[in-house]
Amino acid sequence: MKAVKTLGQFIIEKQADFPYAKGELSRLLRDIGIAAKIVNREINKAGLADIIGEAGTTNIQGEGQKKLDVYANEQFIAALQSGGECCIVVSEENDEYIYIDSEISKNAKYIVAIDPLDGSSNIDVNVGVGTIFSIFRRKSVGGKATLEDVLQNGTEQIAAGYVIYGSSTMMVYTTGKGVNGFTLDPSIGEFCLSYPNMQIPADGYIYSINEGYYTHFPDGIKKYIKYCQVEDDKTRRPYTSRYTGSMVADLHRSLIKGGIFMYPITAQAPNGKLRLVYECNPMAFIVEQAGGKASNGYERILKLDVTELHQRSAIMIGSTNMVEKAEEMLACFSPQVTKR
Ligand code: P6P
């Protein structure tokens with residue numbers, strides 16, 4: 001009988017990967033894991049616990065009714081505030097970054113950027129949703145961390161991960177030494193190692209893109225979609241389209257089975273829809289660590305300059321061969337005319 005390895009045990013075991021670590025990153029990852037379990041509990045009751053619905057109504061205690069994504073945001077921020085290892089939180093739910101000005105956090109050296117509930121519109125229809133997080137160190141020394149500490153390239157990330165609340169709840173993360181997946185065992189309330197050393201297949205036959213925007217896509221993307229749809233049985237099997245409306249769910253599938261997720265620029269989103277700091281960068285770090293590729297169609301996601309908290313970017317991410325084929329078509333039919 002193989003011994004179960006919990007997330008906590010694994011984090012401590014891997015602490016040795018960081019000779020100078022004094023346990024702060026380990027504590028931070030554990031704090032995120034605890035918040036994920038709390039959010040998971042509410043997501044599983046969403047249809048029953050009166051926790052979906054518009055903010056502004058009141059529950060039986062007269063408290064403001066919270067939409068689940070606001071609830072998730074509060075839980076992750078609270079966990080980071082009480083853990084003492086984080087000095088700034090950037091969240092999709094908050095216009096400004098949150099400076100954690102507390103006695104226990106005054107020497108904190110980590111910054112966490114988070115999408116607390118990615119794909120939250122799926123909650124009402126019981127389709128997978130996720131949490132995405134990115135961790136990096138403050139650059140400034142002493143005094144209050146500032147916006148300059150937050151606007152760092154994706155290559156500066158110390159760790160990144162996601163939680164997928166699906167048929168089971170999993171936490172997948174990297175600290176730059178490979179990618180490992182943990183499945184929540186509700187009977188013991190622990191994330192247990194279930195996918196050690198995840199490697200994304202170099203090729204795949206699943207493409208994820210919202211084809212409802214087809215007419216607005218750059219020609220190169222249109223050409224790639226047609227390439228996926230052609231059954232040229234002499235050279236390759238036909239592709240399958242899968243799109244759930246949650247980047248975490250679509251990318252988790254690609255990580256396991258191989259595939260590509262794309263959110264190009266469209267008329268509605270001329271700079272792309274997805275956010276660089278807490279969606280594209282963390283997912284790009286994870287996928288690259290698993291042997292895959294992530295670009296905005298022209299440049300590596302992790303190298304893009306970060307100039308704003310909620311900056312958007314186009315993204316194509318997943319199996320290396322698929323991303324490179326899509327990039328090839330973009331270069332051919334929609335050459336980059338301006339530096340994005
Ligand atoms: P659309 C969810 O809102 C999200 O940020 C991603 O998780 C998802 O892939 C995308 O937006 C869905 O956007 O425009 O296809 O509904």
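The values are calculated or read from the model by the stated rules, or taken from the named source; none is laboratory data. These numbers come from a predicted model, not from an experiment. Note that each Cβ is placed from the backbone with ideal geometry, even for glycine, and that neighbours are counted across all protein chains shown. Heavy atoms of the whole protein, side chains included, go into the accessibility calculation; ligands, DNA and RNA do not. Shrake-Rupley method; radii C 1.70, N 1.55, O 1.52, S 1.80 Å.
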For the range 98-250, percent of DSSP beta bridges that are antiparallel (nearest 5) comes out at 95
For the range 231-271, the dipole about the Cα centre with charges only on Cβ (Lys and Arg +1, Asp and Glu -1), to the nearest 20 debye, works out at 140
Calc'd 3J(HN,Hα), the range 298-309, phi into Karplus 6.51 cos²θ - 1.76 cosθ + 1.60 (θ = phi - 60°), Hz, glycine/Pro = x, comes to 10, 10, 4, 3, 5, 9, 5, 5, 9, 10, 9, 4
Here the averaged projected area of the range 155-238, based on the convex hull of its alpha-carbon atoms and given in nm², is 9.0
Sorted by chain and then number, the residues having a modelled amide H within less than 5 Å of the amide H of Gly181, at least 5 places away or on another chain, are Ser194, Tyr195, Asn197, Met198
Filtered hits (aspartates and glutamates, Cα-Cα < 19 Å from Lys67, offset >= 8 within chain) -> Glu42, Asp50, Glu54, Glu92, Glu93, Asp95, Asp115, Asp118, Asp124
Listed by chain and number, the aspartates and glutamates with an alpha carbon less than 16 angstrom from that of Lys226, same-chain partners under 8 positions apart left out, are Glu211, Glu324, Glu327, Glu328
Which of Lys139/Lys303; Lys222/Lys325; Lys14/Lys177; Lys177/Lys293; Lys223/Lys257 exceed 19 Å between C-alpha atoms? The answer is Lys223/Lys257
Here the Cα Rg-to-2.2 N^0.38 Å ratio for the range 137-194 is 1.54
Expected unfolding gain across Arg237-Tyr298 under the 0.36 nm per residue rule, minus the alpha-carbon gap, is 19.3 nm
Note, the range 238-245: 3J(HN,Hα) by Karplus (6.51, -1.76, 1.60, θ = phi - 60°), whole Hz, Gly/Pro = x, goes x, 8, 10, 9, 9, 8, 9, x
The answer for Leu151, listing residues at least 5 apart or on another chain whose modeled amide H is closer than 5 Å to its amide H, is none
Ranked by GNM mean-square fluctuation in the chain (Cα springs under 10 Å), the top entry among Gly166, Gly181, Gly130 is Gly166
The percentage of Cα-Cα pairs in the range 73-160 separated by more than 23 Å is 24
Excluding ligands, DNA and RNA, the carbon-plus-sulfur percentage of the accessible area of the chain with a 1.4 Å probe reads 50
Taking a crude spin-label model, label points 7 Å out from Cα along the C-beta direction, the Asn321 to Leu147 distance in nm is 4.5
Dipole check, the range 122-198, charges on Cβ (K,R +1; D,E -1), about Cα centroid: among Gly128, Leu151, Asn197 the Cα furthest to the positive pole belongs to Leu151
Of all C-alpha pairs within the chain, those more than 34 angstrom apart amount in percent to 24
Given unit charges at Cβ for Lys, Arg (+) and Asp, Glu (-), the dipole magnitude of the range 160-274 about its Cα centre in debye, nearest 20, is 260
Taking every other residue with Cβ under 9 Å from the Cβ of Lys139 and scoring Lys and Arg +1, Asp and Glu -1, one gets -1
Sorted largest first, the Cα spans of the range 135-289 on the principal axes come out in Å as 59, 42, 25
With the 8 Å Cα cutoff and a minimum separation of six or more residues, the chain has a relative contact order in percent of 15
For Lys223, the net charge from surrounding residues (Cβ-Cβ under 11 Å; K, R +1; D, E -1) works out to +1
Helix 219-229: inclination vs the chain longest Cα principal axis, degrees, rounded to 10, gives 80
Rounded to the angstrom and largest first, Cα extents along the principal axes for the range 98-204 equal 44, 34, 29
A correct Karplus calculation of ³J(HN,Hα) over the range 33-41, with 6.51 cos²θ - 1.76 cosθ + 1.60, θ = phi - 60°, whole Hz and x for Gly and Pro, returns x, 5, 4, 5, 5, 5, 5, 4, 4
Computed for the chain: size of charge dipole around the Cα centre, +1 on C-beta of each Lys and Arg, -1 on C-beta of each Asp and Glu, debye to nearest 20, value 880
The answer for the chain, accessible area per residue at 1.4 Å probe in Å², is 46
Spelling it out for Thr169: with amide H atoms placed in the peptide plane at 1.01 Å from N, the residues 5 or more places away or on another chain with amide H under 5 Å from its amide H are Leu184
